[in-house]
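The values are calculated or read from the model by the stated rules, or taken from the named source; none is laboratory data. What you see is a predicted model; the values in this text were computed from it and never measured. Here the Cβ is made from the backbone with ideal geometry for all residues, glycine too, and neighbour counts use every protein chain on show.
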Amino acid sequence: MQHLKKIVFILSVALNLLLLTYIAKRVFVNRNSGLSYYLDRDELFETLHTDSSSIVFIGTSLTQNFELAELLGNCNVKNRGINGDITEGVINRIPSILKSKPQKIFIEIGINDLGTGVKREHVAENYKTLIRRIQDISPGTKIYAQSLFPTQVEGGRYPTYCNKKVNDDIVFLNNELRKLTSLYKITFIDTYSGFVSDGQLNPIYSVDGIHLNGAGYKLWAKILAPYISEPV
């Protein structure tokens, strides 16, 4: 009996170790895959041409998926969005983006911070750091800070993003952005108002409660058009 118990114990330990190894590999691969994607995109941006006439968009998957040049009808528009990016990520990669001293830069960032539990006050501080860094590196570049979009609470596919707390934090951050744009004399673009309905993202503009569909991108482009064409 004792011999049988020992065998059962050894088999149990071995199975648990195999399970833990499998889980660890899955977590590592997923994280490494996400990091590789981020680094690949960032490296690609290093090789792409920009100059002093460029209009650069930086942000999350919302920006990455935006067919900017086509929808805005301007070949000088450059897309530098990265899926999953956060405020600290943008702060870290902004020096390379500004090497060519672009004419304008449009910022869309913050939703991934909130969706992963970063405190809204910390996001606001990061945004302040980002604005200062842009002004230090390229003082001639005109900065446009876009408000965060609401998320869809009812029917949204991502619970950590699509909830009332995140939407309340979005309202807070948009108010903070207004203050920052006034303080640093940059332009605030209210994208939020065109997309909100009953305190959340209007579902007619979204595919999953966060990301935009074709109608959403066309509305966004319409909001941006006057800022794209205005002189510096």
ask   = Of all residues in segment 133-156, how many are of a type in the set (Lys, Arg) and more than 19 Å from residue 85 (Cα to Cα)?
value = 1
ask   = Somewhere in segment 200-208, is a residue assigned to a helix (DSSP H, G or I), of a type outside the set (A, V, I, L, M, F, W, C) and surrounded by 18 or more Cβ atoms within 10 Å (Cβ to Cβ)?
value = yes
task = Among residues belonging to segment 161-175 that are within 14 Å of residue 117 (Cβ to Cβ) and surrounded by 12 or more Cβ atoms within 10 Å (Cβ to Cβ), point out the one that is nearest to the chain's Cα centre (by Cα).
result = 161
note = Pairing a residue in segment 185-198 that is modelled with pLDDT of 95 or more with any residue that is hydroxyl-bearing (Ser, Thr, Tyr), where Cβ atoms lie under 6 Å and the two sit 6 or more apart in sequence or on different chains, gives 187/144; 188/181; 189/144; 190/147; 191/147; 192/147; 195/205
